[in-house]
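A.B. asks: Before anything else, here's the structure in question.
The values are calculated or read from the model by the stated rules, or taken from the named source; none is laboratory data. This is a predicted model, so every value here is computed, not measured. A quick note on method: Cβ atoms are made from the backbone with ideal geometry, for glycine too, and the neighbour counts reach across all protein chains shown.
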């Protein structure tokens, strides 16, 4: 079961990462899952009216970090060790929903799968697999 | 051989992506290779004094885009289809050098390998493999 | 909806790939999903009593191929373009179940996510993301 | 510098993994690099006259294992934790050369990049990034 609720997480992020707080709104935290929405910002737009790849990469990375935090408690120093992302469809120029699911939560590594969709559609726009390293003693 | 020189590319980026222009300085363009430097910005810093993963992901993505442009000419609509990145060492809080090498340049897909180092060291901080889709008729 | 049933697929594989037929038994075909079991073979064993990584990679690859066949019909020449696999737990020395889910089925590319478990447990031993290229006109 | 020479490695593999010994011939071991050749076998062939993806995945995996052994000494229990492979060109139906280069050799993880070519050509047929976990105390 998660060690932090949605509100715990939200408060932790607001205190420690105030500049990141507005970039990704946590919607729900479950047992090994986290759902969030990245609000749209005009600087995400790329030629062709789509959202930039790096914005989606950053979203996959941060929702995995939040999911790891939710599960192990407030450990600031967890770091990404690898990320694999596939882009499938052009996202609409609006907010993007991400759902992260833990595949493994070990002592040293956590691995999650992230599915991203435009909030107005169920079609997956990008899928990522993200690995975090957990510091010893956490 | 490349179809755009370093200066051609620099001018193209300044005209079409003025907001991106200062984020990644192209150092050299070779036959199937491109070297660039991402200047340091304080917002890249993460707890522990290291540079954020998403900043390096964005760097890997953009240098591959610039390399594809250099090789096929100014085609704005090439899009990332997948990116795999491994983080190996904590980058120092300074500028990051990226060297991208084309592994394949086909009609539909281009694939490059990107090695990233702190400019003051040769140790690889991150490695990425990036695939771009090239629009038909380019 | 799938164009081939479990039995259609089984017959197609037996005819065209008789040497592969016994290596992976198709259990069920759904709309965008396929479940299969790889029987245990002693040559899969590695030091420590676990199943070799390449056996799981081959399983992820073949179940994606079968899923693509099920969805688009008997197209022998679909080929793998990329595969990303994460190993999470040591599989038990027994049969391995794989469940593949399509994330995208386009004209040129199909992408699937594959979860592998020992048949006697629900814990994921490996997860893969596999991309196939579909020949034009299929 | 490597702790095992080409001949040390060859003898170790012949003793501990006799069934694997003939599948991949080590050509040279350098400082952080290893070159090997996988002899052709008819069962590698796939429709269209090309070599199966899983054969190349297995090659990428085993050359990384041999490179890790060469660098840290004979540690049987190193295991693959992730592998990412991109297929670029159809390999000719003949032997395949693989060159593995270490990107990181830490206490817990080793990461290598592997480039594969047909022995009769320099064009890369597949590229892989492979991560091994190193058991504590090795």
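A.B. asks: Which residues, counting only those in segment D:125-138, are at negative phi and either surrounded by fewer than 21 Cβ atoms within 10 Å (Cβ to Cβ) or over 15 Å from the mean Cα position of the chain (by Cα) (or both)?
C.D. replies: D:133, D:134, D:135, D:136, D:138
A.B. asks: Do you know which of the residues in segment A:120-134 that are touching a strand residue (DSSP E or B) at 6+ places or on another chain (Cβ under 8 Å) and modelled with pLDDT under 95 is nearest to residue B:53 (Cα to Cα)? So that I can check it myself, show each step before the final result.
C.D. replies: From segment A:120-134, those touching a strand residue (DSSP E or B) at 6+ places or on another chain (Cβ under 8 Å) are A:123-134; that's our starting set.
Remaining after also requiring modelled with pLDDT under 95: A:123, A:133-134.
Values: A:123: 27, A:133: 13, A:134: 15 Å.
The extreme case among them is A:133.
A.B. asks: Hey, can you tell me all the residues within segment C:63-87 that are out of contact with any helix residue (DSSP H, G or I) (no Cβ under 7 Å at 6 or more places or on another chain) and either assigned to a helix (DSSP H, G or I) or at pLDDT 95 or above (or both)?
C.D. replies: First, pick out the residues of segment C:63-87 that are out of contact with any helix residue (DSSP H, G or I) (no Cβ under 7 Å at 6 or more places or on another chain): C:63-65, C:67-68, C:71-73, C:77, C:79, C:81-82, C:84, C:86.
Matches in segment C:63-87: C:63, C:64, C:65, C:67, C:68, C:71, C:72, C:81, C:82, C:84, C:86.
A.B. asks: Now, a different point. Is it true that residue A:135 is more than 24 Å from residue C:85 (Cα to Cα), more than 9 Å from chain B (Cβ to nearest Cβ) and not in a strand (DSSP E or B)? So that I can check it myself, show each step before the final result.
C.D. replies: Working: more than 24 Å from residue C:85 (Cα to Cα): no; more than 9 Å from chain B (Cβ to nearest Cβ): yes; not in a strand (DSSP E or B): yes.
Against the criterion (more than 24 Å from residue C:85 (Cα to Cα), more than 9 Å from chain B (Cβ to nearest Cβ) and not in a strand (DSSP E or B)), residue A:135 does not qualify.
A.B. asks: Let me ask something additional. When you scan segment A:20-58, how many residues do you find that are more than 22 Å from residue A:130 (Cβ to Cβ) and part of a helix (DSSP H, G or I)?
C.D. replies: Residues that pass the stated criteria total 2.
A.B. asks: Looking at residue D:51 and the list (1) surrounded by 21 or more Cβ atoms within 10 Å (Cβ to Cβ); (2) at pLDDT 95 or above, which single condition is not satisfied?
C.D. replies: So residue D:51 meets the others, but not (2).
A.B. asks: Here's another thing I want to ask about it. How many residues does segment D:93-124 contain that are more than 9 Å from chain B (Cβ to nearest Cβ) and either in contact with a helix residue (DSSP H, G or I) (Cβ under 7 Å, 6 or more places away or on another chain) or farther than 19 Å from residue D:26 by Cα (or both)? Give the derivation first.
C.D. replies: So the first thing to find is which residues in segment D:93-124 are more than 9 Å from chain B (Cβ to nearest Cβ), and the list is D:93-102, D:105, D:107-108, D:110, D:112, D:114, D:116-122.
Going one step further and asking which of them are either in contact with a helix residue (DSSP H, G or I) (Cβ under 7 Å, 6 or more places away or on another chain) or farther than 19 Å from residue D:26 by Cα (or both), we end up with D:93, D:96, D:98, D:100, D:102, D:105, D:107-108, D:110, D:112, D:114, D:116.
Result for segment D:93-124: 12.
A.B. asks: Give the residue that is surrounded by the fewest Cβ atoms within 10 Å (Cβ to Cβ), with candidates limited to residues of segment C:63-87 that are within 8 Å of chain D (Cβ to nearest Cβ) and farther than 24 Å from residue A:110 by Cα.
C.D. replies: C:77
A.B. asks: Right, something else. Within segment D:95-118, restricting attention to residues that are outside any strand (DSSP E or B) and modelled with pLDDT under 95, which residue is surrounded by the most Cβ atoms within 10 Å (Cβ to Cβ)?
C.D. replies: Here is the first cut: in segment D:95-118, the ones outside any strand (DSSP E or B) are D:95, D:106-108.
If we keep only those that are modelled with pLDDT under 95 too, we end up with D:106-108.
Working: D:106: 10, D:107: 10, D:108: 14.
The residue in question is D:108.
A.B. asks: Here's another thing I want to ask about it. Would you mind stating whether residue B:92 is touching a residue at least 12 places away in the same chain (Cβ under 8 Å) and over 24 Å from residue A:90 (Cα atoms)? Give the derivation first.
C.D. replies: Numbers: touching a residue at least 12 places away in the same chain (Cβ under 8 Å): yes; over 24 Å from residue A:90 (Cα atoms): yes.
Here the answer is yes, as residue B:92 does meet what is asked.
A.B. asks: Another question about this same structure. Under the condition of being under 15 Å from residue D:35 (Cα atoms) and outside any helix (DSSP H, G or I), which residue from segment D:2-19 is farthest from the other protein chains (Cβ to nearest Cβ)?
C.D. replies: D:5
A.B. asks: What residue, of D:30, D:49, is in contact (Cβ under 8 Å) with a residue 12 or more places away in the chain and within 12 Å of chain C (Cβ to nearest Cβ)?
C.D. replies: Working: D:30 fails: within 12 Å of chain C (Cβ to nearest Cβ).
Just one listed residue meets the conditions, D:49.
A.B. asks: Could you check residue A:90 against (1) more than 11 Å from every other protein chain (Cβ to nearest Cβ); (2) not in a strand (DSSP E or B) and say which number it fails?
C.D. replies: (1)
A.B. asks: Can you say whether residue C:60 is within 27 Å of residue D:49 (Cα to Cα), within 13 Å of chain D (Cβ to nearest Cβ), surrounded by fewer than 23 Cβ atoms within 10 Å (Cβ to Cβ) and in contact (Cβ under 8 Å) with a residue 60 or more places away in the chain, as far as the supplied structure shows?
C.D. replies: No; evaluated as a whole, the condition is false for this residue.
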